[in-house]
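**Student:** A single structure is presented below for examination.
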Amino acid sequence: DAKREERLESLGVKWSSKRQETAEETFDRNFDLLLAFNEREGHVRVPHRHQESTTDNLGAWLGKQRSLYRHGRLELDQQKWFEAAGVTWEIRTSS
């Protein structure tokens, strides 16, 4: 509320004028990057440290989604989108 905002501002809190991206917007943006990666590279085996830009670490994001899946915390519709894009959930090791 307004009183709380005023109190926080009096304590030195600065409000960012930039709107924060929602979790859904972040997911959609990264998933679009994954689809672009797949189109460009022909696969979705994104190296963990791969960055699509200076702010988008696609490899780490995909690793986080795999972790959510392993712990049963990835939404079912998101899981289906990943699978339709070609993502597999098991960790592959080279022999």
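The values are calculated or read from the model by the stated rules, or taken from the named source; none is laboratory data. For clarity, every value in this text was computed on a predicted model and none was experimentally measured. Here the Cβ is made from the backbone with ideal geometry for all residues, glycine too, and neighbour counts use every protein chain on show. Only protein heavy atoms, including side chains, enter the accessible area calculation; ligands, DNA and RNA are left aside. Shrake-Rupley method; radii C 1.70, N 1.55, O 1.52, S 1.80 Å.
**Student:** If we keep just the residues of region 6-40 that are open to solvent by less than 100 Å² (accessible area, probe 1.4 Å) and more than 19 Å from the chain's Cα centre (by Cα), which is nearest to LYS80 (Cα to Cα)?
**Tutor:** That would be SER16.
**Student:** Then there's this: If you take the residues in region 41-90 that are closer than 16 Å to ALA23 by Cβ and of a type in the set (D, E, K, R), which one is surrounded by the most Cβ atoms within 10 Å (Cβ to Cβ)?
**Tutor:** Among those that are closer than 16 Å to ALA23 by Cβ and of a type in the set (D, E, K, R), it is ASP56.
**Student:** Further question on the same structure: Just to be sure I understand, how many residues within region 43-66 are farther than 15 Å from GLU83 by Cα and either without any contact (Cβ under 8 Å) to a residue 12 or more places away in the chain or not in a helix (DSSP H, G or I) (or both)?
**Tutor:** Result for region 43-66: 12.
**Student:** Do any residues in region 17-40 that are free of Cβ contacts under 8 Å to residues at least 40 places away in the same chain and under 16 Å from LEU74 (Cα atoms) have Cβ atoms under 8 Å from those of residues that are open to solvent by 90 Å² or more (accessible area, probe 1.4 Å) and of a type in the set (Phe, Trp, Tyr), where the two are at least six apart or on different chains, and which pairs are they?
**Tutor:** none
Residue by residue, here is whether (1) part of a loop (DSSP other than H, G, I, E, B); (2) touching a helix residue (DSSP H, G or I) at 6+ places or on another chain (Cβ under 6 Å); (3) among the aliphatic types (A, V, I, L, M) holds:
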residue: LEU34; (1), (2), (3): no, no, yes
residue: ARG73; (1), (2), (3): yes, no, no
residue: ASP77; (1), (2), (3): no, no, no
residue: GLU83; (1), (2), (3): no, no, no
